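Here is the structure we will look at.
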Amino acid sequence: MTQRELYFISGSPPCWTVMLALEVKGLAYRQRRLDNAKREQKSPEFLKVSPRGQVPVLTHGDVTVREALAILSYLDATDLEPPLFGKGPKETARVWQVICECDGNLREPVGDISRPLFRGKAQEFAEPITKAAKVVRDELGLVETRLSSTPWLAGEALSAADLTLYPVLMQLSRAVAREEAASLELALHPIAEYFPQLGAWSKRIETLPGYHNAYPPHWK
Ligand SMILES: N[C@@H](CCC(=O)N[C@@H](CS)C(=O)NCC(=O)O)C(=O)O
């Protein structure tokens, strides 16, 4: 059997998305963790695999795939069950819609909140953090409404949409839980208190088989 290898940085949302997908599909793979503090992703050796020095990267025999969504679609093509991009046009469209909404509307403001908070710069960046929090709250409100009618973001089945949003939400959740965030009153912590459907959905993800294998090692 051809070995799969996944290059990743612990805690990186797109890497976590791919790891969850591998676990959900029950696919064996070797974890190749790169140390961001040592900038291992910019080593000459790794730049041959990923010219931008970015993760995730999946290698599988003579195939190398970069970009989380491209990797998910590769995994669906080699091992369909369970399908991550829907069964039929309506579900497929919904999966992509949610992914595009997450990438277009949430990823950046979540980064604007989490980067300064992780670096202990809450006060210095109080204004942009507060602004980004408003955008995030509005967007999560829309997700909350969606989850009041279906268990998963694209309908009745888990999909790439769920695996894309979950790590982004966890990044946010860790950031806003920091002590320095309290004085900013972002109305995002704990997320499940403000968005109960999202809280219940997170719990569903957390009971998926293999969830713990995909959990960022430096958070354990
Ligand atoms: N669009 C890419 C994003 C890749 C990306 O931004 N990776 C970050 C980790 S979240 C990275 O490799 N950062 C290290 C660096 O740029 O040096 C994907 O979804 O795979």
Please name whichever of Val57, Ile71, Leu20 sits farthest to the positive end of the charge dipole of the chain, dipole taken about the Cα centre and charges placed at Cβ: Lys and Arg +1, Asp and Glu -1. Val57
Add +1 for every Lys or Arg and -1 for every Asp or Glu among the other residues with Cβ under 12 Å from the Cβ of Leu208, and state the total. 0
With +1 on each Lys and Arg Cβ and -1 on each Asp and Glu Cβ, and nothing else charged, work out how big the dipole of the range 89-209 is about its Cα centre, in Debye to the nearest 20. 140
Just add up the charged neighbours of Ser73: K/R +1, D/E -1, any other residue whose Cβ is under 13 Å from the Cβ of Ser73. -1
Taking the Cβ of Gly26 as the center, what net charge do the other residues with Cβ under 13 Å away carry, scoring Lys and Arg +1 and Asp and Glu -1? -1
Can you tell me how the range 67-220 classifies by the Cα gyration tensor, rounded, prolate or oblate, using a/c under 1.5 as the rounded cut? prolate
Only four residue types carry charge here, +1 at the Cβ of Lys and Arg and -1 at the Cβ of Asp and Glu. Report the dipole size of the chain about the Cα centre in Debye, rounded to the nearest 20. 500
Sulfur and carbon atoms: percent of accessible area, the chain [1.4 Å]: 52
Could you identify which residue out of Glu144, Glu193, Glu91 has the top mean-square fluctuation in a GNM of the chain using Cα springs shorter than 10 Å? Glu193
Let a ≥ b ≥ c be the square roots of the eigenvalues of the Cα gyration tensor of the range 8-149; is it rounded (a/c under 1.5), or, if not, prolate (a/b larger than b/c) or oblate? oblate
Can you give the charge dipole size of the range 4-78 about its Cα centre, rounded to the nearest 20 debye, using +1 on the beta carbon of Lys and Arg and -1 on the beta carbon of Asp and Glu? 240
Given a 1.4 Å probe, how much area per residue of the chain is accessible, in Å²? 51
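The values are calculated or read from the model by the stated rules, or taken from the named source; none is laboratory data. The model shown is predicted, which means the values in this text are computed figures rather than measured ones. For neighbour counting, all protein chains shown are included, and Cβ atoms are generated from backbone atoms with ideal geometry for every residue, glycine included. Accessible surface is based on the protein model in full, side chains and every heavy atom, while ligands, DNA and RNA are left aside. Shrake-Rupley method; radii C 1.70, N 1.55, O 1.52, S 1.80 Å.
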